[in-house]
1. Quick test for you: out of A:3, A:67, pick the one residue that is among the charged types (D, E, K, R), surrounded by fewer than 18 Cβ atoms within 10 Å (Cβ to Cβ) and modelled with pLDDT under 95.
2. For the list (1) surrounded by fewer than 18 Cβ atoms within 10 Å (Cβ to Cβ); (2) touching a residue at least 24 places away in the same chain (Cβ under 8 Å), I need the number of the one condition that residue B:89 fails.
3. Just one of the numbered conditions (1) buried (at least 18 other Cβ atoms within 10 Å of the Cβ); (2) more than 14 Å from chain A (Cβ to nearest Cβ); (3) touching a residue at least 60 places away in the same chain (Cβ under 8 Å) is not true of residue B:32; which one?
4. Evaluate the following for residue B:42: is it under 13 Å from the mean Cα position of the chain (by Cα) and of a type outside the set (A, V, I, L, M, F, W, C)?
5. Return the residues of segment B:1-21 that are touching a helix residue (DSSP H, G or I) at 6+ places or on another chain (Cβ under 7 Å) and without any contact (Cβ under 8 Å) to a residue 40 or more places away in the chain; say none if nothing qualifies.
6. Before we move on, is residue A:75 surrounded by fewer than 19 Cβ atoms within 10 Å (Cβ to Cβ) and touching a residue at least 60 places away in the same chain (Cβ under 8 Å)?
7. Tell me, please, whether a residue that is in contact with a Phe, Trp or Tyr (Cβ under 7 Å, 6 or more places away or on another chain) and within 14 Å of another protein chain (Cβ to nearest Cβ) can be found in segment A:70-81.
8. Give all pairs with beta carbons closer than 8 Å in which a residue from segment A:55-69 that is in contact (Cβ under 8 Å) with a residue 60 or more places away in the chain meets a residue that is in a helix (DSSP H, G or I); count only pairs at least 6 apart in sequence or on separate chains.
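The values are calculated or read from the model by the stated rules, or taken from the named source; none is laboratory data. Computed from a predicted model, the values in this text were never measured in an experiment. Glycine also receives a Cβ, built like all others from the backbone with ideal geometry; neighbour counts cover every protein chain displayed.
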2 protein chains.
Amino acid sequence: MARIPAHPDTFELQQVLEALVDPVRRSIVTQLDAGGQDIACGGFDIPVSKSTATHHFNVLREAGLIRQYYVGTSRMNTLRRAELDAAFPGLIDALISGPAGR
Amino acid sequence: MARIPAHPDTFELQQVLEALVDPVRRSIVTQLDAGGQDIACGGFDIPVSKSTATHHFNVLREAGLIRQYYVGTSRMNTLRRAELDAAFPGLIDALISGPAGR
């Protein structure tokens with residue numbers, strides 16, 4: 001159980017924006033949404049080292065943007081899309097769809 | 001003419017997010033939208049010094065969030081709402097309306 005990281009139950013706009021202002025973290029969110037399925041930490045197309053990627057996943061998890069769980073030794077990532085849409089209607093759509101996905 | 005600052009014609013999501021991640025700048029945008037009218041730089045309810053406020057207005061203007069012009073010696077601020085909504089549908093709404101305005 002200790003291997004499963006803690007996840008927040010509530011969202012703070014400030015923390016969510018601080019997570020999403022980073023382009024690598026925004027790319028992780030975009031890839032999760034586009035794929036429509038959970039992705040292992042090693043399965044993202046991001047131009048950073050493994051340790052830097054781990055930091056980015058931690059920031060996203062602590063802000064409530066993703067949920068993480070283990071399958072064997074792989075840490076999987078789920079976009080908390082429905083919860084985010086309920087807390088901040090339109091925000092994720094605005095950031096990852098259409099021209100805003102630039 | 002030299003007193004009228006330059007305004008960008010295009011928007012970059014990264015720059016817009018960097019402007020909006022600051023809570024004081026988000027408050028300026030929220031106050032402009034809520035008031036429905038232009039507001040002089042001295043007319044905002046923000047907890048910062050005049051020089052710090054000037055910095056925040058500059059960041060917002062350079063990101064394309066506000067348009068500035070002079071009336072006498074007062075620098076007025078306009079939210080570029082329609083242009084922003086066209087560039088990033090839903091983004092401003094998500095940040096300033098409802099629970100997201102926290």
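1. Numbers: A:67 fails: modelled with pLDDT under 95.
Of the residues listed, the single one that is among the charged types (D, E, K, R), surrounded by fewer than 18 Cβ atoms within 10 Å (Cβ to Cβ) and modelled with pLDDT under 95 is A:3.
2. For residue B:89, the failing item is (2).
3. Going through the list (1) buried (at least 18 other Cβ atoms within 10 Å of the Cβ); (2) more than 14 Å from chain A (Cβ to nearest Cβ); (3) touching a residue at least 60 places away in the same chain (Cβ under 8 Å), residue B:32 breaks only (3).
4. Working: under 13 Å from the mean Cα position of the chain (by Cα): no; of a type outside the set (A, V, I, L, M, F, W, C): yes.
In short, no.
5. B:14, B:17, B:21 - these are the residues of segment B:1-21 that are touching a helix residue (DSSP H, G or I) at 6+ places or on another chain (Cβ under 7 Å) and without any contact (Cβ under 8 Å) to a residue 40 or more places away in the chain.
6. So residue A:75 fails the test.
7. No - not one qualifying residue is present in segment A:70-81.
8. Between residues of segment A:55-69 that are in contact (Cβ under 8 Å) with a residue 60 or more places away in the chain and residues that are in a helix (DSSP H, G or I), the close pairs are A:67/A:61; A:68/A:57; A:68/A:61.
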